[in-house]
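There's a structure below that I have some questions on.
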Ligand code: ASP
């Protein structure tokens, strides 16, 4: 008899496990055990489900790298005893957490599926049940005694995405996420269709390595027409700032003002890593395509390609935390480590 598949649910908080506080009308987190009792269907799945919960479940807006480390530590602790992991959290910062986890969990050979919902699990019209049940099914998928999915994913509204390709695009629709630069890894309809060609491969014999140091000396600067030199300098002069996501227009373009280029150049000379990332949710930076990006290329901004800002900022935290040398930083950033870049 084949052994039952063990899935670990990690509940961190978010709408999926919230109830309405009627006197104030606000949503607040509730005890995770109630979440399980709200979905008796879970007992019909062909796997064993264990769960752990954050002691104090939180709205994902309150998440920071210490919570990502807590999730990584739970996965590390249960890695040998479980076949797959489903992380429940709020959708607001889910693309950040799941991107971060994709970098923190090197050589992953088991599925880690992030999911949540737009409506609480107890709501009549909830999207939580489908998201949760299908995420568990995906985490439990096996073939030839091996997990089918071997990477960090995000499942929402019938689609499974590579986590570090996603971005939250809607605060209202059930379809809250998009992955505009990479196709969905799976789609749930009458059948669960896995797009195998797009899945990350795992190198055999490589053991899981969990990276727990995330360096938060990073920032994002989003360009807007009319931004002042004072504003930019205020950011570039932040003490200990080590890396900056420079969110540019379109295919990586910025104004060609003399002061802008010289301020950026000086910051780079002083050792700041500046990554050119487009503020568009789809498409790629192509430095040199327009004259408005050619100068950025010449002063050696790091090329963010088609990376999302969520993946860029968490990749910076991870690389800085891993002590990557200054010399190789650009090359490593421009290399796809977990499928985050085309
Ligand atoms: N504010 C909530 C959170 O991110 C929204 C959600 O659960 O989707 O925790």
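Please treat every number below as a calculation from the coordinates, not as lab data. All figures in this text were calculated on a predicted structure; none of them were measured in a lab. Here the Cβ positions follow ideal geometry from the backbone for every residue, glycine too, while neighbour counts run over all protein chains shown.
Which of rounded, prolate or oblate describes segment 107-221 when judged by the alpha-carbon gyration tensor and an a/c cut-off of 1.5?
oblate
Classify the chain from the C-alpha gyration tensor, please: rounded if a/c falls under 1.5, else prolate or oblate depending on whether a/b exceeds b/c.
Taking the square roots of the gyration eigenvalues as a ≥ b ≥ c, the chain is prolate.
I would also like to ask the following. Can you tell me which of 114, 103, 227 moves the most in a GNM of the chain? Springs connect C-alpha atoms under 10 Å apart.
Comparing 114, 103, 227 in the GNM, the peak value goes to 227.
Compute the relative contact order of the chain as a whole-number percentage, counting only Cα pairs closer than 8 Å that sit 6 or more residues apart in sequence.
15
What residue among 112, 148, 256 shows peak mean-square fluctuation when the chain is described by a Gaussian network model with Cα springs under 10 Å?
Its mean-square fluctuation being the largest, the pick is 256.
Run lengths n ≥ 4 of DSSP H only: what is the helix-derived mean residue ellipticity at 222 nm for the chain, with -39500 (n - 2.57) per run over all residues, to the nearest 500?
Dividing the helical sum by the residues of the chain leaves -8000 deg cm²/dmol.
Taking the number of other C-beta atoms within 10 Å as the exposure measure, put 155, 318, 79, 198 in order starting with the fewest.
The order, fewest Cβ neighbours first, is 198, 79, 318, 155.
For the residues 190, 275, what sequence is obtained by ranking on other C-beta atoms within 10 Å, fewest first?
Result, fewest neighbours first: 190, 275.
If you line up the long axis of helix 258-269 against the longest principal axis of the chain, both from Cα atoms, how many degrees apart are they, to the nearest 10?
70
Need one number: convex hull volume per residue for segment 216-282, Cα atoms only, in Å³.
83
Looking at the chain as a GNM with Cα springs under 10 Å, which of 328, 109, 60 has the largest mean-square fluctuation?
Fluctuation is largest for 328.
While we're looking at this one, here's another question. Compute the Cα gyration tensor for segment 94-147, then decide on rounded, prolate or oblate, letting a ≥ b ≥ c be the square roots of its eigenvalues: rounded whenever a/c is under 1.5, prolate when a/b is larger than b/c in the other cases, and oblate in all that remain.
oblate
State the dimensionless ratio Rg/Rh of segment 199-342 (Rg: radius of gyration of Cα atoms; Rh: Kirkwood radius).
When Rh is taken as the Kirkwood radius, the ratio is 0.98.
Fewest to most neighbouring Cβ within 10 Å: what's the order for 309, 102?
In increasing order of surrounding Cβ atoms, one gets 309, 102.
Another question, then. Rounding to the nearest 10 and keeping the result within 0 to 90°, find how far the Cα-based axis of helix 65-78 lies from the longest principal axis of the chain.
Value to nearest ten degrees: 40.
Working from Cα positions, state the angle (0 to 90°, nearest 10) between the long axis of helix 128-140 and the longest principal axis of the chain.
Computed tilt is about 90 degrees.
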